[in-house]
Amino acid sequence: MKVQVKSQVLDIISKELQPIKGGFLVVGRDVSVTPAFTAVRYYWHGWQSWSLTAWLDATRRLPPSKPAMLHPMQTDPQHAHEETPGGAWVGAIEAPDGRVLLLGALNLDARVSLKNNALKGTYESRYNDEWFVAFGPEHVVFESYAALLAERFGKGRVERPPRVWCSWYSFYTEISETRLLNVLDSLGDLPFDVFQVDDGWQQKIGDWQPNHKFPSGMDALAERIRATGRQAGLWLAPLLVVPSSRTYRKNPHWLLRDEHNRPVSAGYNWNEPLYALDTTHPEVLDWLDELMQQVRNWGYDYVKLDFLYAGALPGKRRRDMPREKAYREGLKVIRKALGDAYFLTCGAPILPSLGLCDGMRVGPDVANYWDSERDNRLLTNFTTPGVRNAIRTSLNRLWLSPVVHTDPDVLYFRTNNASLTAEHKRLLQDLGRISGFKATSDLPEWLSDEERRDLRSLLESQDEVKRTGRYTFSINGREVDFSPAMDVPHPAGAANPAWYFVRWGADQPWVLNLVNNIEKAKVQKALEKP
Ligand code: 9PG
């Protein structure tokens with residue numbers, strides 16, 4: 001299907017186009033939309049929460065990110081080596097006059113790319129499905145697309161995002177019952193709706209029982225949290241298993257496998273390779289159902305499910321179906337078992353999660369620093385932790401806000417144990433105000449009196465937000481410009497002596513373990529300080 005677009009939107013005339021609110025519907029497996037203008041910039045939309053999403057010059061190429069071992073957990077591994085503009089489900093180009101031409105899939109398992117100045121859409125494994133085409137002001141075309149997605153997939157059910165204290169970005173895996181109860185105490189009457197326990201409570205990824213650092217059990221902890229008038233929140237990565245887990249050893253037939261019957265890699269983390277569960281296997285679905293019920297019975301009303309992309313990786317499934325559809329079937333079972341709990345998806349493929357979750361992480365992890373020269377210029381990886389990466393991708397996904405609460409990750413207020421400047425922290429906090437999803441991991445004892453006041457006032461505020469441009473906003477009349485976070489740095493390139501060395505090193509598991517162990521030691525040291 002080929003569609004020619006003239007310079008004015010009203011000139012989009014083709015018998016195969018069907019007018020719909022805000023644009024046109026096109027049906028096809030492969031569609032191509034050719035504008036009459038030359039594209040200035042292209043909107044790359046990443047596959048899952050952490051994947052890079054940004055407007056880049058239309059001529060820009062992006063070298064594959066490193067480490068390659070992490071492709072399954074950072075991007076769509078099927079397309080990790082494509083350097084030309086492209087992305088998952090939706091793509092857009094900017095005309096010289098600033099208007100935007102958007103092509104967006106209305107079903108799963110689809111991609112859009114820019115080739116020879118045309119937008120090309122392809123459904124991976126289905127024939128003749130629907131596409132939305134629109135041309136006009138950027139906010140209008142994205143708004144129209146979001147409205148159609150809400151119609152097709154549904155929306156989150158909760159009106160306002162909760163205010164969350166999350167254990168990850170201060171303790172990382174070094175949590176314990178004692179440490180968390182201390183924090184709970186020191187939060188005093190700070191207006192958090194949720195106290196969320198992150199990674200570190202479980203025995204293994206795959207064995208979702210408390211480890212020795214939680215001797216009273218997860219139900220007792222939930223009760224202590226609820227006694228402070230807050231909801232208890234819990235993190236799990238239910239679609240992942242590591243080889244050292246009992247679940248992996250006992251149920252090899254639950255794993256997603258490739259055509260050679262080898263388990264499909266879901267990346268590498270916690271010093272171990274990661275594998276995915278096959279969400280079309282009835283035993284896996286039963287297990288997920290029971291696991292979620294167990295979490296609810298323990299007393300958790302806010303559930304952050306992470307590394308969810310694992311369920312949508314390419315592979316051979318027990319029931320043959322497109323991979324994103326297989327994932328969504330799994331997510332439906334999870335949603336049902338979670339009942340009325342607040343469901344936050346993370347590391348999640350975007351479209352296949354809509355309508356089944358209440359909140360969604362829409363960017364990579366923040367960190368206590370702005371960015372990393374190594375990741376930017378040598379690894380060409382913009383999904384790694386850092387405030388700059390988090391702001392860039394989250395802001396470029398704000399158009400999803402009418403469909404789901406967009407979580408830009410936690411905000412920093414502390415000066416302690418962070419190298420962020422006041423300006424960096426303010427930008428991130430402003431993104432929290434704009435998205436409305438307000439969370440932090442700061443330990444009260446790390447905050448000065450003033451920082452604690454800032455935190456309280458942000459949690460209590462009801463801001464008046466107006467968008468004034470692609471990257472500019474007015475918040476309660478104050479101008480905010482996110483441009484400092486929005487560029488995508490250029491690679492150092494082969495002329496730099498470190499280029500091959502660092503890119504090679506990143507692909508060695510022992511290097512990843514070493515880096516991980518150094519990070520861990522840093523966290524432990526920060527926590528030991530009086
Ligand atoms: C817990 C964390 C936190 C965090 C999540 C997720 O690409 N990676 O190697 C990678 C590792 C961890 C990660 C994101 C990416 O963080 O986003 O909020 O819950 O897991 O382990």
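The values are calculated or read from the model by the stated rules, or taken from the named source; none is laboratory data. Note that this is a predicted model, so its numbers are computed, not measured. A quick note on method: Cβ atoms are made from the backbone with ideal geometry, for glycine too, and the neighbour counts reach across all protein chains shown. The accessibility values were calculated without ligands, DNA or RNA, using every heavy atom of the protein model including side chains. Shrake-Rupley method; radii C 1.70, N 1.55, O 1.52, S 1.80 Å.
Note on segment 234-271: residues that are of a type in the set (Phe, Trp, Tyr), in contact with a strand residue (DSSP E or B) (Cβ under 8 Å, 6 or more places away or on another chain) and within 16 Å of the ligand (Cβ to nearest atom) total 2. Residues that are over 12 Å from Leu52 (Cβ atoms) and more than 16 Å from the ligand (Cβ to nearest atom) within segment 382-403 comprise Leu395, Leu398, Trp399, Leu400, Ser401, Pro402, Val403, listed in sequence order. Restricting Ala95, Ala58 to residues that are surrounded by fewer than 18 Cβ atoms within 10 Å (Cβ to Cβ), over 18 Å from the mean Cα position of the chain (by Cα) and not hydroxyl-bearing (Ser, Thr, Tyr) narrows the list to Ala58. Return the only residue of Gln231, Gln209 being away from the ligand (no atom under 16 Å from the Cβ), without any contact (Cβ under 8 Å) to a residue 12 or more places away in the chain and either touching a strand residue (DSSP E or B) at 6+ places or on another chain (Cβ under 7 Å) or open to solvent by less than 10 Å² (accessible area, probe 1.4 Å) (or both). Every option except Gln209 fails the conditions. The number of residues in segment 21-76 that are of a type in the set (A, V, I, L, M), touching an Asp or Glu at 6+ places or on another chain (Cβ under 7 Å) and within 16 Å of the ligand (Cβ to nearest atom) comes to 2. Say whether the condition of being open to solvent by 20 Å² or more (accessible area, probe 1.4 Å), under 28 Å from Ser401 (Cα atoms), away from the ligand (no atom under 16 Å from the Cβ) and in contact (Cβ under 8 Å) with a residue 12 or more places away in the chain is met by at least one residue in segment 291-301. Yes: segment 291-301 contains one or more residues that are open to solvent by 20 Å² or more (accessible area, probe 1.4 Å), under 28 Å from Ser401 (Cα atoms), away from the ligand (no atom under 16 Å from the Cβ) and in contact (Cβ under 8 Å) with a residue 12 or more places away in the chain. Remark: Gly121 falls outside the filter, which requires a residue to be within 16 Å of the ligand (Cβ to nearest atom) and within 25 Å of the chain's Cα centre (by Cα).
Condition check for Leu221 on (1) in contact with a helix residue (DSSP H, G or I) (Cβ under 8 Å, 6 or more places away or on another chain); (2) more than 30 Å from Asn107 (Cβ to Cβ); (3) within 16 Å of the ligand (Cβ to nearest atom); (4) open to solvent by less than 20 Å² (accessible area, probe 1.4 Å): one failure, at (3). Go through segment 242-263 and give me each residue that's open to solvent by less than 20 Å² (accessible area, probe 1.4 Å) and within 19 Å of His71 (Cβ to Cβ). Listed by number, the residues that qualify are Val242, Leu255, Leu256. Of all residues in segment 486-508, one or more are under 30 Å from Leu431 (Cα atoms) and in a helix (DSSP H, G or I).
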